[in-house]
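Comments concern the structure below.
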Amino acid sequence: MNIYNSKKVKIMIVGDIMLDKYWQGSIGRKSPEAQVPVVKINNSINQPGGAANVAMNIASLGKYSKLIGITGNDNNALILKKILHKRIINNIICISKYKTITKLRILSDNKQIIRIDFEENLNKFNNEIIYKKIKESIKNIKIVILSDYNKGTLNNIKKIINLTQKMCIPILIDPKGADFKKYYGATILTPNLDEFELIVGKCKNENKMINKGMKLIRNLNLSALLITKSKEGMTLLQKNKKPVHFNAISKEALDVTGAGDTVISMIAISLINGNTLEQACFRANIAASMVVNKFGTSTVTNEEFNEQKKLIIKKR
């Protein structure tokens, strides 16, 4: 089956594509050269990160998606393409003068001791090519996800939002940075509490957070705002509706890397399947509680999710 022409592809993901590398080992001694720990590496894992992880989450949950972003024309880009699931339509643009964003995490006894970033900002590149690729690929798309890690892929974000508005396509954005004005007109923003407070200031209590969140919705002309708060759960704010709070299911987390990618992926899939936004966020809360108890940039399968959902409903 040629999935490029398949009506099964209803989700488009655009954003910063990365490769997450994990080198695992143990500290056995200190180096005589500089009195620093020596980690003897015995295992390495490569996982898609950023927008590529959103696509992997959607594939893991049984849906097709189109992934648009930029990598270098290098070995790390080849590694990414080999990992990407068959349900992901790869619209990655390779730029020979650019190096694929790579985050190398070194772990000892499953604890991260240092992260090394290899990256350069894409602001210097003409991102009209991204917009052109979106216009060429958006036919039959029902939801667009923008995965913004503030690396420069989404320089034309206002133009992308305007396009989706004209086509009446909901746009879900995982935001980043100190400027949320660029997200004006989005359907849903899904910041974590730190990202939210960077924009609106510290929130001393739940009421302050809700008031500031509703003001942000008005100022940015959003339909909804989902604030994820780690051990405190999630709060969904919508125009002309009461706030909805979702209690955290897991009070502990092994690794929160990529949890936001899981949240936005589950919301998109749930909306495609006809769930309300409240139902979609309920499902996203369950999925997030699962992925934070997995190692690294992980995903959740349909089977895992359905089993966990049954357990939660049974406990009610």
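The values are calculated or read from the model by the stated rules, or taken from the named source; none is laboratory data. All of these numbers come straight from a predicted model, not from anything done at the bench. Because the Cβ atoms are built from the backbone with ideal geometry, glycine has one as well, and the counts that use them run over all protein chains shown. Areas reflect the complete protein model, heavy atoms only, side chains present, ligands, DNA and RNA absent. Shrake-Rupley method; radii C 1.70, N 1.55, O 1.52, S 1.80 Å.
Within the stretch 85-116, the residues that satisfy the criterion of being of a type in the set (D, E, K, R), touching a residue at least 40 places away in the same chain (Cβ under 8 Å) and not in a strand (DSSP E or B) are ARG87, ASP109. Counting the residues of the stretch 142-190 that are open to solvent by less than 10 Å² (accessible area, probe 1.4 Å), more than 24 Å from ASP117 (Cβ to Cβ) and either among the charged types (D, E, K, R) or in a helix (DSSP H, G or I) (or both) gives 4. Taking the stretch 85-113, which residues are open to solvent by 50 Å² or more (accessible area, probe 1.4 Å) and of a type in the set (Val, Ile, Thr)? Across the stretch 85-113, the qualifying residue is only ILE113. Can you tell me which residue within the stretch 67-84, out of those that are touching a residue at least 60 places away in the same chain (Cβ under 8 Å) and among the hydrophobic types (A, V, I, L, M, F, W, C), is surrounded by the fewest Cβ atoms within 10 Å (Cβ to Cβ)? Result: ILE79. In the stretch 217-238, the qualifying residues are those that are of a type in the set (Gly, Ala, Ser) and assigned to a loop (DSSP other than H, G, I, E, B), and the one that is modelled with the highest pLDDT is SER223. When ALA253, ALA284, ALA288 are checked against the criterion of being part of a loop (DSSP other than H, G, I, E, B), modelled with pLDDT under 95, of a type in the set (Gly, Ala, Ser) and under 18 Å from the mean Cα position of the chain (by Cα), ALA253 stands alone in meeting it.
Going through (1) surrounded by fewer than 22 Cβ atoms within 10 Å (Cβ to Cβ); (2) within 15 Å of ASP174 (Cα to Cα); (3) of a type in the set (Gly, Ala, Ser) one by one, GLY233 falls short only on (2).
For the stretch 170-196, the candidate set comprises residues that are charged (D, E, K, R) and within 19 Å of the chain's Cα centre (by Cα); within that set, the residue that is nearest to GLN238 (Cα to Cα) is ASP174. For the stretch 1-44, a residue qualifies if it is β-branched (Val, Ile, Thr) and either open to solvent by 80 Å² or more (accessible area, probe 1.4 Å) or at pLDDT below 95 (or both), and the qualifying residues are ILE3, VAL9, ILE27, VAL36, VAL38, VAL39, ILE41. Under 6 Å by Cβ, and 6 or more places apart or on different chains, what pairs join a residue from the stretch 25-44 that is within 11 Å of ILE106 (Cα to Cα) with one that is open to solvent by 80 Å² or more (accessible area, probe 1.4 Å) and assigned to a loop (DSSP other than H, G, I, E, B)? What qualifies is SER26/ASP109. Are any residues in the stretch 188-240 free of Cβ contacts under 8 Å to residues at least 24 places away in the same chain and charged (D, E, K, R), and if so, which ones? ASP194, GLU195, GLU197, LYS202, LYS204, LYS208, LYS212, LYS215, ARG218, LYS231, LYS239 - these are the residues of the stretch 188-240 that are free of Cβ contacts under 8 Å to residues at least 24 places away in the same chain and charged (D, E, K, R).
Just to be sure, is ILE116 open to solvent by 40 Å² or more (accessible area, probe 1.4 Å) and under 21 Å from the mean Cα position of the chain (by Cα)? Yes, satisfied.
Suppose the filter is of a type in the set (Lys, Arg), closer than 20 Å to ILE272 by Cβ and either open to solvent by less than 10 Å² (accessible area, probe 1.4 Å) or over 18 Å from the mean Cα position of the chain (by Cα) (or both); does LYS139 pass it?
In short, yes.
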